[in-house]
């Protein structure tokens with residue numbers, strides 16, 4: 001019996017039994033079924049009614065209520081989660097340490113609180129199942145790490161705060177994103193469309209990081225030692241498909257080869273890429289004919305306007321969807337400059 005216990009303990013020695021992603025603060029109320037204590041609420045005033053719904057701190061289309069017919073639709077995407085503090089000082093300032101969710105390399109540190117809506121933030125690059133995955137930690141008060149630093153899972157990288165836009169001491173929280181990088185050629189794309197606004201964040205700008213649902217990933221990592229992130233991504237619901245030309249700068253194929261289910265063809269002429277409603281690429285299939293220009297192949301019908309379920313990438317009347325200008329820019333970012 002004793003030898004069996006010893007073998008079990010040895011089998012669970014870190015990092016073998018470490019969660020793929022761990023919680024970035026002490027707040028784990030979501031594990032205990034208390035989302036109202038985990039997410040930081042938003043201040044909402046809709047049609048003259050003021051509320052503080054905790055749901056606004058969760059991921060997805062949880063903000064920007066609009067009335068569409070008899071229904072209220074939330075059309076603004078919150079691309080991460082807002083984690084409420086557990087500890088505050090006498091003045092209400094948050095005291096929570098912010099820790100790396102997984103082992104990785106710090107690739108970007110933004111110390112300038114007013115440089116973006118994120119306030120002071122850190123981006124960490126992790127190699128998960130052979131591919132680069134990024135975690136972003138925003139609204140920090142202080143940062144105790146630097147770019148290029150290697151960090152272990154659970155290592156403190158800063159203190160929770162309330163820097164950035166639309167946040168105050170009462171609503172202090174950690175904004176967390178778990179994301180894929182759309183293209184390493186981002187800066188050329190950015191300067192093409194936003195030349196009048198300096199890019200202080202390089203390729204780790206929010207436009208280039210597409211966030212997934214962090215809560216689901218944290219919960220599955222905690223509950224399932226065999227959790228596979230690539231399988232989790234590939235199993236997400238598809239909202240639309242776009243056929244794009246092949247390009248040597250198509251980073252998503254090079255960095256995330258597992259989105260090509262049957263392996264990359266020898267000489268693809270183009271790709272039909274499937275996306276979630278949040279813009280996360282989940283599948284790519286080689287196109288038989290090279291498209292003259294990006295082509296919307298399919299979109300999942302919804303009860304509401306296309307733009308409200310595709311972060312503005314698709315518009316048009318029911319049955320006649322088309323890529324918007326934002327949609328074309330999105331596709332161009334994915335393809336990179338040629």
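The values are calculated or read from the model by the stated rules, or taken from the named source; none is laboratory data. The model shown is predicted, which means the values in this text are computed figures rather than measured ones. Virtual Cβ from ideal backbone geometry, glycine too; neighbours counted across all protein chains shown.
For the stretch 118-131, how many residues are in contact with a strand residue (DSSP E or B) (Cβ under 8 Å, 6 or more places away or on another chain) and surrounded by fewer than 18 Cβ atoms within 10 Å (Cβ to Cβ)?
2
Among the listed residues 209, 229, identify the single one that is within 30 Å of residue 28 (Cα to Cα), buried (at least 18 other Cβ atoms within 10 Å of the Cβ) and outside the structural domain of residue 108 (by TED's automatic domain parsing). Outline the logic, then answer.
Values: 209 fails: outside the structural domain of residue 108 (by TED's automatic domain parsing).
Answer to the check: 229.
Count, please, the residues in the stretch 313-331 that happen to be surrounded by fewer than 18 Cβ atoms within 10 Å (Cβ to Cβ) and closer than 21 Å to residue 212 by Cα.
Counting residues in the stretch 313-331 that are surrounded by fewer than 18 Cβ atoms within 10 Å (Cβ to Cβ) and closer than 21 Å to residue 212 by Cα gives 2.
Within the stretch 178-188, can one find any residue that is surrounded by fewer than 20 Cβ atoms within 10 Å (Cβ to Cβ), touching a helix residue (DSSP H, G or I) at 6+ places or on another chain (Cβ under 7 Å), in a helix (DSSP H, G or I) and not assigned by TED's automatic domain parsing to the domain that holds residue 331? It would help to see each step written out before you state the result.
Taking the stretch 178-188 as the starting set, the residues that turn out to be surrounded by fewer than 20 Cβ atoms within 10 Å (Cβ to Cβ) are 184, 187-188.
Then drop every residue that is not touching a helix residue (DSSP H, G or I) at 6+ places or on another chain (Cβ under 7 Å), which leaves 184, 187.
Retained after the next criterion (residues that are in a helix (DSSP H, G or I)): 187.
Then keep just the ones that are not assigned by TED's automatic domain parsing to the domain that holds residue 331; that gives 187.
Scanning the stretch 178-188 turns up at least one residue that is surrounded by fewer than 20 Cβ atoms within 10 Å (Cβ to Cβ), touching a helix residue (DSSP H, G or I) at 6+ places or on another chain (Cβ under 7 Å), in a helix (DSSP H, G or I) and not assigned by TED's automatic domain parsing to the domain that holds residue 331.
Can you work out which of the residues in the stretch 38-53 that are touching a strand residue (DSSP E or B) at 6+ places or on another chain (Cβ under 7 Å) and surrounded by 15 or more Cβ atoms within 10 Å (Cβ to Cβ) is farthest from residue 25 (Cα to Cα)?
Only one residue fits best here, namely 44.
Do we have any residue at all in the stretch 65-73 that's crowded, with 22+ Cβ neighbours inside 10 Å and either touching a residue at least 24 places away in the same chain (Cβ under 8 Å) or assigned to a strand (DSSP E or B) (or both)? Show your work before the answer.
Of the residues in the stretch 65-73, the ones crowded, with 22+ Cβ neighbours inside 10 Å are none.
No, because not a single residue in the stretch 65-73 is crowded, with 22+ Cβ neighbours inside 10 Å and either touching a residue at least 24 places away in the same chain (Cβ under 8 Å) or assigned to a strand (DSSP E or B) (or both).
Any idea how many residues of the stretch 189-220 are closer than 19 Å to residue 311 by Cβ, assigned to a loop (DSSP other than H, G, I, E, B) and in contact (Cβ under 8 Å) with a residue 12 or more places away in the chain?
Number satisfying all stated conditions: 2.
If we scan the stretch 283-302, do we find a residue that is closer than 24 Å to residue 267 by Cβ and surrounded by 21 or more Cβ atoms within 10 Å (Cβ to Cβ)? Spell out how you get there, then give the answer.
Let us first name the residues in the stretch 283-302 that are closer than 24 Å to residue 267 by Cβ, namely 283-295, 297.
With the extra rule that they be surrounded by 21 or more Cβ atoms within 10 Å (Cβ to Cβ), the set shrinks to 284.
Checked the stretch 283-302: at least one residue is closer than 24 Å to residue 267 by Cβ and surrounded by 21 or more Cβ atoms within 10 Å (Cβ to Cβ).
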